[in-house]
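Just below is one structure, and these are the notes that go with it.
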Amino acid sequence: LLHGQIGHDRMGQKGKPAIHCCGDGTKAYSLYCYVNLTYNLIVFRFGKPLDHLNVILKTLAGRPDNDPVKWMIIGKAGGLGAWLTLDALQWLAANGILTLENDSKLFLSFYAPRCWAFGLSFSCLQSLFKLDEWWRRERAARVEAGGSVKVDIRSLKHREEGLKIASELAMDLIDLIIPLSMMGSLKVSPGFVGFAGTVTSVWSISNLLKNS
């Protein structure tokens, strides 16, 4: 209950925005109840921020200070860990488990999406850095092969790695729509926000099933 793989939160946290795609009516309400239950169960894993804290501690101990990826990982884990913590507190307050003053509620609603956007921004930056490194290796391999594109197990694995990095970047960019719209920095309709959450949620489920 207190622990879940990093990535599962992508499905449940965006359940509420996804409801906007369904419109009104009994079916939409039934779907809301189902997704809201999933959302609550996932948010209730208060061990999630500890996963990100563990990533930060391991990165601080295991990477040199002059490694730019080190600070990207810390920024990503710090932002997402803070967001999950604030979001869990919002859930407790919304369900009457935790009593908060209006100022505290405003604090949570103000900073939660900003922490989410902060973490996703560093995640995008890390993916761009990885893609640059990947392309350098790909270009060096092509030069070594005399400009031809080799098709072997090693090259196929390398291209699969590139597709994986590009997929993570695309998912983060789509996810970024949600906190930016919550902050008011991006003016989009609730239906578009819901669609974005649905796309990345289904994408995450597909990846989890593929890797299981």
Meets criteria (open to solvent by less than 70 Å² (accessible area, probe 1.4 Å), at negative phi and modelled with pLDDT under 55) for Ile74: no
Tell me which helices (runs of 4 or more DSSP H) are completely within segment 88-194 and hold 3 or more residues being over 23 Å from the mean Cα position of the chain (by Cα) and of a type outside the set (Phe, Trp, Tyr), or say none if there are none. 102-144, 153-175
Is there any pair linking a residue in segment 168-181 that is hydroxyl-bearing (Ser, Thr, Tyr) to one that is modelled with pLDDT under 90 and not in a helix (DSSP H, G or I), with Cβ under 6 Å and at least six apart or on different chains, and which? Ser181/Val188
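The values are calculated or read from the model by the stated rules, or taken from the named source; none is laboratory data. Keep in mind the model is a prediction, meaning the values are calculated, not measured. We place every Cβ from the backbone using ideal geometry, glycine too, and count neighbours over all the protein chains shown. All accessible areas refer to the heavy atoms of the entire protein, side chains included, with ligands and DNA or RNA removed. Shrake-Rupley method; radii C 1.70, N 1.55, O 1.52, S 1.80 Å.
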